[in-house]
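Every number in this text was worked out from the coordinates using simple rules, so none of it is lab data. From a predicted model like this one, the values you see are computed outputs, not experimental measurements. Because the Cβ atoms are built from the backbone with ideal geometry, glycine has one as well, and the counts that use them run over all protein chains shown.
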Ligand SMILES: C[S@@+](CC[C@H](N)C(=O)[O-])C[C@H]1O[C@@H](n2cnc3c(N)ncnc32)[C@H](O)[C@@H]1O
């Protein structure tokens, strides 16, 4: 059977970077000044690096892949995303599905799949591909969300007559809770680290832009007005609209037949396997 992206992924991402960009913008209201998923401090970056479902390539505007000597390959199924990815210097860009990677076996030292596994119709097929293209001892880094991620935003859609505007509605069952089991079927040394952060949003506008992005088009005026009233009432009462985040970084090792799992190239950096913390959140 030919591999295709999900219907939802096509409607959200195939022809535009706008929906993703609007949602990324909301995370500028994070309470943790340190970002994990777009910095190289926790990612096991080394040698030949592949990012799958790389989106707008935000990670590589923060990580100096050239200075670190990484050989970078970026992929996404979306032509719009790939056009954006081609603006990143010294990166090879390939438009392809995550479950059908056009690369030979054992071609990479690191594979990254951030915030994308839950969009796939067959995540297991993609994980098998990630394992195939990794060298023995190579590392996978995956970011996914808990089932309570952004629960306060998920409550708005149903309250304004748009029950489909919730994160889980068009996603598979990959969450922070289930993903380690999926990875363990293909990898060893699976380590989960929770990112301590919430969102503290001072005005209604970024939340309305988020809802538009979830709908894939501007909300009709009546629904927009209902959403604005709901959000503004919370801001008036509490000073801001507080949203719980629940994102985790999961790292794992490709089968190494007795070899140690590769560690990040930078000297002095702790191994991701030694930094496992689960369930810790930071309140500021
Ligand atoms: C939520 S975005 C995350 C983008 C980026 N990884 C980040 O963290 O900013 C999900 C990305 O996965 C891509 N995607 C969805 N389904 C895919 C598939 N089957 N194969 C490859 N990419 C896919 C989308 O086009 C989109 O760019």
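Overview of values
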quantity: Computed lengthening from residue 185 to residue 64, 0.36 nm per intervening residue step minus Cα-Cα distance; calculated: 40.3 nm
quantity: Using a Förster distance of 35 Å, the FRET efficiency for residue 106-residue 21 (Cβ separation, nearest 0.05); calculated: 0.50
quantity: Average projected area [Cα convex hull, the range 190-249], square nanometres; calculated: 5.1
quantity: Cα-only radius of gyration and Dmax that characterise the range 1-81, units Å; calculated: 14.5, 45
quantity: Computed over the chain: relative contact order in percent, which uses C-alpha pairs under 8 Å that are six or more apart; calculated: 23
quantity: Average Cα contact separation per residue, the range 113-213, under 8 Å, 6 or more apart, as relative contact order %; calculated: 31
quantity: Selected from 44, 202, 221 as most flexible by GNM, with the chain as the system and alpha-carbon contacts under 10 Å; calculated: 221
quantity: Order of 60, 36 - criterion: other Cβ atoms within 10 Å of each residue's Cβ, fewest first; calculated: 36, 60
quantity: Among 33, 206, 136, residue whose mean-square fluctuation peaks in a GNM of the chain (springs only between Cα atoms under 10 Å); calculated: 33
quantity: Per residue convex hull volume, Cα atoms of the range 103-258, in Å³; calculated: 115
quantity: Gain on full stretching of the segment that runs from residue 11 to residue 92 - 0.36 nm per residue minus C-alpha separation; calculated: 26.6 nm
quantity: Sum of -39500 (n - 2.57) over DSSP H runs of 4+, divided by residues of the chain (222 nm, nearest 500); calculated: -7500 deg cm²/dmol
quantity: All-pairs alpha carbon distance profile, the chain, 10 Å steps from 0, percent; calculated: 6, 28, 36, 21, 7, 1, 0
quantity: Estimated Rh, the range 63-121: Kirkwood, alpha-carbon pairs, angstrom; calculated: 12.7
quantity: Most mobile of 239, 30, 138 in a GNM of the chain (Cα contacts under 10 Å); calculated: 239
quantity: Relative contact order [Cα under 8 Å, 6+ residues apart], the range 64-183, whole percent; calculated: 21
quantity: Kirkwood Rh in Å, taken over the range 1-148 so that all alpha-carbon pairs contribute; calculated: 15.7
